[in-house]
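Below is one structure, written out as structure tokens; the observations come after it.
The values are calculated or read from the model by the stated rules, or taken from the named source; none is laboratory data. This one's a predicted model, so the numbers in the text were calculated from it and none came from an experiment. Here Cβ is always computed from backbone atoms with ideal geometry, including for glycine, and neighbour counts include all displayed protein chains. We work out accessible area using only protein heavy atoms, side chains counted, and drop any ligands, DNA or RNA first. Shrake-Rupley method; radii C 1.70, N 1.55, O 1.52, S 1.80 Å.
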Amino acid sequence: MFPYPDQYRIAMPPMTTAFMVAWAIVTHAIFADASPFSLYPLLVLFPAVIATHLYLIWLAKGMSRLDQCFYALVHIPLAFVVWTFTIMHVNGNAFS
């Protein structure tokens with residue numbers, strides 16, 4: 001069905017991170033600060049990024065497994081920073 005399923009699989013962690021950003025921007029514009037509807041999906045998305053990277057490492061073979069580990073080593077800290085800022089954006093002035 002898909003012409004290149006590996007590329008779609010490899011792109012899932014950055015797509016999840018991009019969805020985090022889009023979710024935070026859209027729901028913060030619609031709902032009040034610290035809305036549970038905005039916040040709870042964000043709390044699930046970062047562990048989903050980690051799980052996706054673990055799945056990619058598990059699925060890879062040989063030298064490709066090392067490549068997937070490096071991909072996770074680079075992307076997970078960046079996704080953590082994005083995740084932290086999306087949570088701060090959704091919470092707005094609720095912490096102060």
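Output the residue which, of all residues in the range 28-39 that are within 19 Å of the chain's Cα centre (by Cα) and under 12 Å from Ile87 (Cβ atoms), is surrounded by the most Cβ atoms within 10 Å (Cβ to Cβ). The selected residue is Ser38.
Scanning the range 40-62 for residues that are open to solvent by 50 Å² or more (accessible area, probe 1.4 Å), touching a residue at least 40 places away in the same chain (Cβ under 8 Å) and over 13 Å from Met20 (Cβ atoms) returns a single hit, Leu59.
Inspect all residues belonging to the range 63-71 and state whether any of them is open to solvent by less than 40 Å² (accessible area, probe 1.4 Å) and either in contact with a Cys (Cβ under 8 Å, 6 or more places away or on another chain) or on the phi < 0 side of the Ramachandran plot (or both). Yes, that holds for at least one residue. Residues in the range 9-27 that are under 9 Å from the mean Cα position of the chain (by Cα) and open to solvent by 70 Å² or more (accessible area, probe 1.4 Å) were compared, and the one that is farthest from Met88 (Cα to Cα) is Met12. Being modelled with pLDDT of 95 or more and aliphatic (A, V, I, L, M) is a property that holds for Leu54. Residues in the range 1-16 that are touching a helix residue (DSSP H, G or I) at 6+ places or on another chain (Cβ under 9 Å) and over 22 Å from Arg65 (Cβ atoms): Phe2 alone. Of all residue pairs spaced 6 or more apart or on separate chains, those with beta-carbon atoms under 9 Å, a first member in the range 7-28 that is farther than 13 Å from Leu56 by Cα and a second member that is outside any helix (DSSP H, G or I) are Thr27/Ser35; His28/Ser35; His28/Gly92. Can Asp6 be described as open to solvent by 80 Å² or more (accessible area, probe 1.4 Å) and over 19 Å from Val82 (Cβ atoms)? It is true that Asp6 is open to solvent by 80 Å² or more (accessible area, probe 1.4 Å) and over 19 Å from Val82 (Cβ atoms).
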